[in-house]
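Undergrad: Once you've had a glance at the structure underneath, I'll fire off some questions.
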Amino acid sequence: MRTSELKHLIKSDLERMTHYSTRQVLKYLLFNASFKITFWFRIGSFIKHRKFLKLFYPIVFLIHKSNQYKTGIQLNFGTDIGEGLTFVHFSSIVINYQAVIGKNCTIFNGVTIGSVRGKGVPTIGDNVVIATGAKILGNVTVGNNVMIGANAVVVNDVPDEAVVGGIPARVLNMEGPKHIKHYI
């Protein structure tokens, strides 16, 4: 990742919450838990493999770890997550470090994106809203413009533009863009 990419990712995460300005970065970094966790995640992922920045890695790691404990969001450096990541509420959010998440993903509290005893991890498309308590488990692919309902357990692939819910999750309708427009 280049410095320009890092700036773009941080800017896009912030733009999901507000109009971007330098003053907004400081305000949201100090007072917004969602932006704090994504900001330090992006910085840590950037410097993790940079030899000339290794000196700063322990400091960034401790800040990020502290934010993880405060927010209850388990998000490891290096996880492949696209621009515009937003946590609407926090607490009890676990994201497997091997998961792949596209751009403009909105995650509510109590969400787990994980593996099932080493049998692969989820791949999540662009513009996906994952509602409270949802679980996405195993080697599944979630398409673009998808709404995953509260407490759904996704263990099978989800097509583009679907709304899914239930245990196990099933397609309820194909009106995903209609449902996610308020969150994206």
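Undergrad: Does PHE61 satisfy the criteria of being loosely packed, with under 15 Cβ neighbours inside 10 Å and not β-branched (Val, Ile, Thr)?
TA: In short, no.
Undergrad: Filter region 10-69 for residues that are outside any helix (DSSP H, G or I) and more than 26 Å from TYR183 (Cβ to Cβ) and give the result.
TA: Within region 10-69, LYS48, HIS49, ARG50 meet the criteria.
Undergrad: Which residue is surrounded by the most Cβ atoms within 10 Å (Cβ to Cβ), if the candidates are limited to region 114-142 and must be touching a Leu at 6+ places or on another chain (Cβ under 8 Å) and under 18 Å from ASN76 (Cβ atoms)?
TA: PRO122
Undergrad: Return only the number of the condition from (1) surrounded by fewer than 17 Cβ atoms within 10 Å (Cβ to Cβ); (2) at pLDDT 90 or above that HIS89 does not satisfy.
TA: (2)
Undergrad: Restricting to region 141-161, count the residues that are within 19 Å of LYS103 (Cβ to Cβ) and part of a loop (DSSP other than H, G, I, E, B).
TA: Residues that pass the stated criteria total 7.
Undergrad: Between VAL146, VAL128, which is in contact with a strand residue (DSSP E or B) (Cβ under 8 Å, 6 or more places away or on another chain) and more than 28 Å from VAL25 (Cα to Cα)?
TA: So the residue among VAL146, VAL128 that is in contact with a strand residue (DSSP E or B) (Cβ under 8 Å, 6 or more places away or on another chain) and more than 28 Å from VAL25 (Cα to Cα) is VAL146.
Undergrad: If you take the residues of region 114-129 that are more than 12 Å from the chain's Cα centre (by Cα) and part of a loop (DSSP other than H, G, I, E, B), which of them is farthest from ASP80 (Cα to Cα)?
TA: By that ranking, first place goes to ARG117.
Undergrad: Of all residues being hydrophobic (A, V, I, L, M, F, W, C) and closer than 26 Å to LEU14 by Cβ in region 160-184, which is farthest from the chain's Cα centre (by Cα)? Just the residue, please.
TA: Filtering first and then ranking leaves ILE180.
Undergrad: Considering each of VAL164, VAL94, VAL171 in turn, give the residue that is crowded, with 20+ Cβ neighbours inside 10 Å, at pLDDT 95 or above and in a strand (DSSP E or B).
TA: VAL164
Undergrad: Further, regarding this structure: Counting just the residues of region 104-113 that are assigned to a loop (DSSP other than H, G, I, E, B) and under 9 Å from the mean Cα position of the chain (by Cα), which one comes out surrounded by the fewest Cβ atoms within 10 Å (Cβ to Cβ)?
TA: Looking at the filtered set, the residue picked out is ASN104.
Undergrad: Residues in region 136-157: is at least one free of Cβ contacts under 8 Å to residues at least 24 places away in the same chain, of a type in the set (Ser, Thr, Tyr) and either out of contact with any Asp or Glu (no Cβ under 8 Å at 6 or more places or on another chain) or under 17 Å from VAL121 (Cα atoms) (or both)?
TA: The answer is yes; a qualifying residue exists.
Undergrad: Any residue that is among the polar types (S, T, N, Q), over 19 Å from TYR28 (Cα atoms) and in the same structural domain as SER12 (by TED's automatic domain parsing) - is there at least one of those in region 85-104?
TA: For region 85-104, residues among the polar types (S, T, N, Q), over 19 Å from TYR28 (Cα atoms) and in the same structural domain as SER12 (by TED's automatic domain parsing): absent.
Undergrad: Report yes if some residue within region 79-91 is within 25 Å of THR3 (Cα to Cα), among the charged types (D, E, K, R) and touching a Ser or Thr at 6+ places or on another chain (Cβ under 7 Å); otherwise report no.
TA: Yes, the conditions are met somewhere in region 79-91.
The values are calculated or read from the model by the stated rules, or taken from the named source; none is laboratory data. Everything numeric here is computed off the predicted structure, so don't read it as measured data. FYI the Cβ positions are ideal-geometry reconstructions off the backbone, even for glycines, and counts take in every protein chain you see.
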